[in-house]
Amino acid sequence: MISPLKLTGLTKRYGDTVVVDGLDLELKAGRCHGLLGPNGAGKTTTLRLALGLIAADAGTVVLLGQRLPERAEVARARVGVVPQMDNLDPDFTVRENLQIYGRYFGLSKREMIGRIPALLDFAGLAGKSEALITTLSGGMKRRLTLARALVNDPDLVILDEPTTGLDPQARHLIWQGLRRLMGQGKTLLLTTHFMEEAERLCDDISVIDQGRVIVQGSPRELIQTHIEPHVVEIYGDGLDEWQAGGRSIPGAPRPTTLPSPSGRGGEGDGQGSANHASSLSVGHCGRCERAGETLFCYTRSPEKVVAELAAHPGLRYLHRPANLEDVFLKLTGRDLRD
Amino acid sequence: MINLNWFPVWQRNFLVWKKLAMPSLLGNLADPMLYMLGLGYGLGGLLHQVNGVPYLHFLAAGTLCYSVMNSATFETLYSAFSRMHVQKTWEAILNTPLTLRDVLVGEWLWAASKSLLSGLAIILVIWTLGLYTNFAMTLALVPVIVLTGLCFSGLGLAVNAVSPNYDFFLYYFTLCITPQVLLGGVFYPPTALPPWLAVAADWLPLTHAVNLARPLLLGRWPEAVALHALVLLAYGFAGFLFGLRQTGRRLLR
């Protein structure tokens, strides 16, 4: 099956700033593809290029078999878009919003009247058809925006941060909706800052930084390939001393020297000194990273770290399996990007 | 313009307007009525005749053009700006098969349609008050209203495209709209102006609209119809094209 969206060597510059820098991406039909990246990584610009709203400085976009931007209007007829900010029409009711949006796709009132009940059902807004947009909650608006993206029964749905600003209940409802769409064989392309969301929903993930795809794979592959399987987060009184090498349990293996963490600064610890994991009693950690008052130990053998921590009652810790967020932070660093 | 892709955009605005049609139409009438009654009777009481006709008759054509200009301007400034900048309605539409050109043509024709309605409302008042000489000739005012609406809607879209916020519109009103109201022959014949100012007034689009409308109300066929019509269309198209280019730079970059 041909790829619903294929980006090749895509480049977009604004003055001297290269926002998208030779980006390659190929979606597989019927799957959910996540685009992750820090703020300013080029995600939204990539989506705008993919929709043919802006022209690339170099590279090609083929959307649903159509070459963009020349054939953008034809291609967009089969795409649904959920924008980052809700832009529902506040002058209309829920039903009218869907009906009017259908008009932009050339769908007649009659056709839309046929489609609206199913769309309202999908959005969980069946009882709200005559409600004004201003009376809807944030979650309802988001669901309506998703339903609106489906008025043309698209093959590809592009979602720019679909759950930002929603409470967990609302977020779960959106997730259910997206899963149902995948069940119907639609291809999804979504950007998100929630790694949990990406891990749950996406079959494939591309991590973007500085306008380029830096890694790509399924969530599981990324976690297996790019990070130690366990994380011990350590915090509390005495962390500095422990990290600096307070002699610990007798008989513990001699710590080996570790490479210092990537050198990207921890955010706002205000001391400027605590970012270097020393190599003494923390030697059981495969790799350590200090962020503010917390030390992250990425390790293959968490038992030893945990055992050692037992001798330090002042220290508290959380032992958990590594997740996509750990991969993301490792690959893109802990610096703020705003 | 060649295709009808703009129509859903026009229709969207029409459906919103329909919800508030009555207050909107009354609003369209209130302002010009006050001008006509206040100035017509107030000044008219002192002047009696201007260019050989009662002042209220003279004023009617000016008020008509001025109202059409206002209606087109307000729609493309405040209302279009809300849709573009605040509600992001245009961005929502751009994610569909429609293009920015479709959106702006729809907005342009919508604003012209709305100003046509407000012009028709004034014509109704003119008929009711009997402020015309030849009824058949008043029907020729309709194309004049359309041209005037297209002219000021196009110009409005140009201003809208470069406005950072609502406050910016005040410059346009102070520097472009008010001078036209005061110099464009709305309240007095342009011949009353010193020659250098009359020459300047000839460059204002509203002057050309008034030059078409006033003779029609006074029962005469206007002179240089083609020239006046061309000037109005030229301003409108230039405004529209500039607006399209600048809005593209603003939204699609």
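Summary table
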| read-out | value |
| --- | --- |
| DSSP H segments from chain A that extend 18 Å or more along their own axis, Cα-based, with Kyte-Doolittle mean of -0.5 or above | A:109-122, A:168-183 |
| Average other protein chain Cβ within 10 Å of Cβ, residues B:16-29 | 1 |
| Chain A: most fluctuating residue of A:V61, A:V82, A:V306 per GNM, C-alpha cutoff 10 Å | A:V306 |
| Average partner coverage of A:68-79, which counts Cβ from other chains inside 10 Å | 2 |
| Cα gyration tensor category, rounded, prolate or oblate, for chain A with a/c compared to 1.5 | prolate |
| Check: chain B dipole with +1 on Lys, Arg Cβ and -1 on Asp, Glu Cβ, in debye | 560 debye |
| Which of A:E228, A:E196 has the fewest Cβ neighbours within 10 Å, and the rest in rising order | A:E196, A:E228 |
| Most mobile of A:L315, A:L144, A:L88 in a GNM of chain A (Cα contacts under 10 Å) | A:L315 |
| Sequence of B:K18, A:K330, A:K304 once ranked by neighbouring C-beta atoms within 10 Å, starting from the fewest | B:K18, A:K304, A:K330 |
| Computed over segment B:182-253, Cα set: Rg, Dmax in Å | 15.8, 52 |
| Charged-residue dipole, Cβ positions (Lys, Arg, Asp, Glu), chain A about Cα centre, Debye nearest 20 | 1020 debye |
| Dipole magnitude (debye, nearest 20) for segment A:1-49, charges at Cβ of Lys, Arg, Asp, Glu | 200 debye |
| Cβ-derived FRET efficiency at R0 60 Å, A:Y14 paired with B:Y41, nearest 0.05 | 0.50 |
| Relative counts (whole %) of C-alpha pair distances in segment B:134-253, using bins that are 10 Å wide | 13, 38, 32, 13, 3, 0 |
| Mean Cα-pair separation over length for chain B, i.e. relative contact order, pairs under 8 Å, 6 or more apart, % | 26 percent |
| Length-normalised contact order for segment A:157-232 - Cα pairs under 8 Å, 6+ apart - percent | 25 percent |
| P(r) of segment A:1-147 over all Cα-Cα pairs, binned every 10 Å from zero, in whole percent | 10, 33, 30, 22, 5, 0 |
| Three-way shape label, the protein assembly as shown, alpha-carbon gyration tensor, a/c 1.5 | prolate |
| Length-normalised contact order of segment A:102-170 in % [C-alpha pairs under 8 Å, at least 6 apart] | 35 percent |
| Three-way shape label, segment B:89-149, alpha-carbon gyration tensor, a/c 1.5 | prolate |
| Helix B:7-19 vs. chain B, principal-axis angle (Cα, 0 to 90°, nearest 10) | 60 degrees |
| Tilt relative to chain B, helix B:141-162 - C-alpha long axis, 0 to 90 degrees, to 10 | 50 degrees |
| Cα-Cα separations in segment B:7-251 greater than 26 Å, expressed as whole percent | 38 percent |
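Values quoted throughout were computed directly from the atomic coordinates according to the rules given, and no laboratory measurement underlies them. Please read these numbers as outputs of a predicted model, since none were measured by experiment. Note that we place each Cβ from the backbone using ideal geometry, even for glycine, and neighbour counts take in every protein chain shown.
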